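Beneath this line is the structure, given in structure tokens, with notes to follow.
The values are calculated or read from the model by the stated rules, or taken from the named source; none is laboratory data. Since the structure is predicted, the reported quantities are computational estimates derived from the model, not experimental observations. For neighbour counting, all protein chains shown are included, and Cβ atoms are generated from backbone atoms with ideal geometry for every residue, glycine included.
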Amino acid sequence: MQRQGLRTWLFLAPAGAWFLCMLVLPLIVVFVFAFGERGAAGGYVPAFTFENFANLGARWTAFQNTMVLAPVGTLACLLIAYPLAYFLALRASSRWRTLLLILVIVPFWTSILIRSYAWIYLLGGQGIPSLLNALGLGNPRLINTPFAVLIGIVYGYLPLMVFPIYVALERLDKRLLEASSDLGSPPWRSFLQVTLPLSMPGVATGCMLVFILLMGEFLIPAMLGGGKVFFIGNALVDLFLQSRNWPFGAAVAVALVVVMLVTVAAYLRFTRRWAGGRDDVSLM
Amino acid sequence: MQFVVYTLNGVFSTLNYKSRHILRVMESNLKSATEAKATPIAELRDASKHYGAVVAAQGLNLSIRPGEFLSFLGPSGCGKTTALRMLAGFEAPTSGEILLDGQRVNDVPPHQRPVNMVFQHYALFPHLTVAQNIAYGLRQRRPRPAAAEIARAVDQALETVRLPGFGPRRIWEMSGGQQQRVALARAIVNQPKILLLDEPMAALDKKLRRDMQIELQTLQRSLGITFILVTHDQEEALSMSDRICIMRGGRIVQVGSPRDLYDRPASRYVADFVGKSNFFPGQVATSSGEGTVLAAAGGHRIAGTAPVEIAAGRTASASLRPEQIALHRKADGLPVTVVNRIFLGEHTEYLVRHADLGEFLVLVSRQAEAAEGGFDPGDSAHASWADGAALILADD
């Protein structure tokens, strides 16, 4: 018993040390910094003030953009991913399924930076707008708009949404659909009453993955938003690396963590309800 | 007339239980009156199902009588499940016809057929409670019955399967046997014309299975619904069914009452599948129905009845049930050596060896054993049977 306990701790030690040094300690540092003051040449000077939190309003636009585009982007991903995952899990023949699944992942093999550059060209003046112009459909400005950021988000995060939903649908016992049909339910009602509720854990997991990552996103808004569509991530980069206002940056970071914690708590509550009090399905 | 009552039944099925009960009584009264010329409640007409080159079912012809308990019996892959799934509507026949109540239903989807199924692994909805599972079928009806009526019907169904008060439970809180009852309740609450049961007891342990078999049989009698059971368990089929349809390789081999199949199997396959039997291979010497004689190994001639005529000269087998053979000490019949003995309570099963005919089983009753004295492995004895008691069956 004693030896086994010791062995367990030995195996857990690397992960524990990693989390302690890379997650817990930095979080404490950020938390302490958030109450400090900016030095004359930037950086951090110890102090205890709530001024940084009082100033959060100065970065309201970044918060607003993030809090709007993260949920909207998550929803857009969900609406596109669900039918795709449904097709892959329940309709595609097993031969095609593997190929199509690989096609969903393939973009991940290329750096997001390169893929975003591609979108800059596609959405820029020489890309889709000029094509629309040639067709006589006007010359809309796409790049550096929230819409461009949204497209980048959906493009980049779709696989993260497709896979959990695919897994949930793939694991769905097909005999339940037969049972539903046998009990007098036409196919579309079987979808609403059986398929959809039983795929909710997958939907929740996909939404959570995409949403949390979107809240911290900075590359896509920086490249496709061109400094006009600012996320909290961009604000953080700016505060820490450009204006070197570490205490204010730390306060923004703490606010971001709080928002995420609230979201995750809400997620766990909802999934628990869907699972009817059962714990083993809450996180896939 | 039957049809009229069923239609009425459909119309009134949302009414309270009392009136349904009256209808059921009317129905059962009618049943006896119409039994003689009853139209089949379900029919397979030359129904075949092919998956590419694979033949799952070939030319099935079967009439199912209203109110009967019919079993499809056979090993896995014999086509019994395919037959059931064609009746439920999950599979469309490649050729031939499926009829329910005299109506061709080949193209009618499962949700529009007046049959319900108890699935092999129950297929209960894990996201719904027991009561919601049972209410599922009633809630699909249009117009949807009032909530109070559904609740009453669900309670009644729970009562029927002896699970009163289990409505609010979650499916995973129920044991295997209880889930089986929920699956049964979920099907019968809809008052189907036919209840299809796909190996419903395969997942239960032996004791529970026996209890459930008795309960199912009682339920079938009290509800008067036609039950069609798929099973690979011959004991289950023999004990529960009015008629058994034995299948092999996608074809129907023989249909008959359990007694018919046991006493008059049409082939060695059936005799082997229904109950235990000894088979002595040989060639038909004289072929004339009841007076058929088989020339077995070592020149032994075994006389018996051939349910299906076999031409002289053909190879065949003489089938003798272990209980048809007697074992005694006096020198009468075949000299045998006792190889093994299994005590079965009321009977003892002996495995004996004869120099020419090889090993075979003899079932000795406790009484007979008391008269003869027991035999031990290694003992010499004599085995005999009534002349002409054997069945001469074609090898297939």
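Just one of (1) surrounded by 19 or more Cβ atoms within 10 Å (Cβ to Cβ); (2) over 32 Å from the mean Cα position of the chain (by Cα); (3) hydrophobic (A, V, I, L, M, F, W, C) fails for B:Ile310. It is (2). Just one of the listed residues (B:Ser95, B:Ser76) is touching a residue at least 60 places away in the same chain (Cβ under 8 Å) and hydroxyl-bearing (Ser, Thr, Tyr), and it is B:Ser76.
Identification of strands (runs of 3 or more DSSP E) wholly contained in region B:36-121 with 3 or more residues that are away from chain A (no Cβ under 14 Å) and of a type outside the set (D, E, K, R) yields B:42-51, B:54-64, B:69-73, B:95-100.
Restricting A:Leu101, A:Leu90 to those that are of a type outside the set (D, E, K, R) and over 25 Å from the mean Cα position of the chain (by Cα) reduces the list to A:Leu90. For A:Val72, the conditions (1) in a helix (DSSP H, G or I); (2) under 16 Å from A:Val258 (Cα atoms); (3) in contact (Cβ under 8 Å) with a residue 12 or more places away in the chain all hold with the exception of (2). Of all residues in region B:204-221, those being in a loop (DSSP other than H, G, I, E, B) and surrounded by 15 or more Cβ atoms within 10 Å (Cβ to Cβ) number 1. Applying the set (1) touching a Leu at 6+ places or on another chain (Cβ under 8 Å); (2) in a loop (DSSP other than H, G, I, E, B) to B:Thr348 leaves exactly one unmet item: (2). For region B:216-269, a tally of residues being acidic (Asp, Glu) and without any contact (Cβ under 8 Å) to a residue 24 or more places away in the chain returns 3. Could you say whether any residue in region B:173-192 is touching a Ser or Thr at 6+ places or on another chain (Cβ under 7 Å), assigned to a strand (DSSP E or B) and closer than 17 Å to B:Leu138 by Cα? Scanning region B:173-192 turns up no residue that is touching a Ser or Thr at 6+ places or on another chain (Cβ under 7 Å), assigned to a strand (DSSP E or B) and closer than 17 Å to B:Leu138 by Cα. Look at region A:42-60 and say how many of its residues are closer than 15 Å to A:Val229 by Cα and surrounded by 13 or more Cβ atoms within 10 Å (Cβ to Cβ). Final tally of qualifying residues: 1. Kindly indicate whether B:Val274 is over 10 Å from B:Ile392 (Cα atoms), within 27 Å of the chain's Cα centre (by Cα) and not aromatic (Phe, Trp, Tyr). The answer is yes for B:Val274. Inside region B:165-191, can you point out the residues that are at the interface with chain A (Cβ under 10 Å from one of its Cβ atoms), crowded, with 19+ Cβ neighbours inside 10 Å and in contact with a Lys or Arg (Cβ under 9 Å, 6 or more places away or on another chain)? Of everything in region B:165-191, just one residue is at the interface with chain A (Cβ under 10 Å from one of its Cβ atoms), crowded, with 19+ Cβ neighbours inside 10 Å and in contact with a Lys or Arg (Cβ under 9 Å, 6 or more places away or on another chain), namely B:Asn190. Looking at region B:203-214, can you tell me whether even one residue there is within 14 Å of another protein chain (Cβ to nearest Cβ) and modelled with pLDDT under 90? Yes, because at least one residue in region B:203-214 is within 14 Å of another protein chain (Cβ to nearest Cβ) and modelled with pLDDT under 90. Comparison of B:Arg329, B:Arg341, B:Arg301 shows that the only residue that is in contact with a strand residue (DSSP E or B) (Cβ under 8 Å, 6 or more places away or on another chain) and surrounded by 15 or more Cβ atoms within 10 Å (Cβ to Cβ) is B:Arg341. Meeting the requirement of 2 or more residues that are free of Cβ contacts under 8 Å to residues at least 24 places away in the same chain and facing chain B (nearest Cβ under 9 Å), the helices (runs of 4 or more DSSP H) wholly within region A:166-220 are A:174-182, A:187-190. Residue under question is B:Ala295, and the condition is that it be in contact (Cβ under 8 Å) with a residue 24 or more places away in the chain and either of a type outside the set (Val, Ile, Thr) or more than 28 Å from B:Gln58 (Cβ to Cβ) (or both); does it hold? Here the answer is no, as B:Ala295 does not meet what is asked.
Within this structure, A:Gly138 fails the test of being more than 30 Å from B:Ala183 (Cβ to Cβ) and touching a Lys or Arg at 6+ places or on another chain (Cβ under 9 Å).
Checking each residue in region A:212-245 for being buried (at least 21 other Cβ atoms within 10 Å of the Cβ), within 13 Å of A:Ile153 (Cα to Cα) and of a type outside the set (A, V, I, L, M) picks out A:Glu217, A:Pro221, A:Gly225, A:Phe231. The residue of region B:38-76 that is surrounded by the fewest Cβ atoms within 10 Å (Cβ to Cβ), among those that are aromatic (Phe, Trp, Tyr) and closer than 21 Å to B:Gln234 by Cα, is B:Phe69.
In region A:7-41, of all residues being loosely packed, with under 13 Cβ neighbours inside 10 Å and modelled with pLDDT under 90, the one that is farthest from A:Arg244 (Cα to Cα) corresponds to A:Ala40. Selection of helices (runs of 4 or more DSSP H) fully inside region B:222-311 by the criterion of at least 3 residues being among the aliphatic types (A, V, I, L, M) returns B:234-240.
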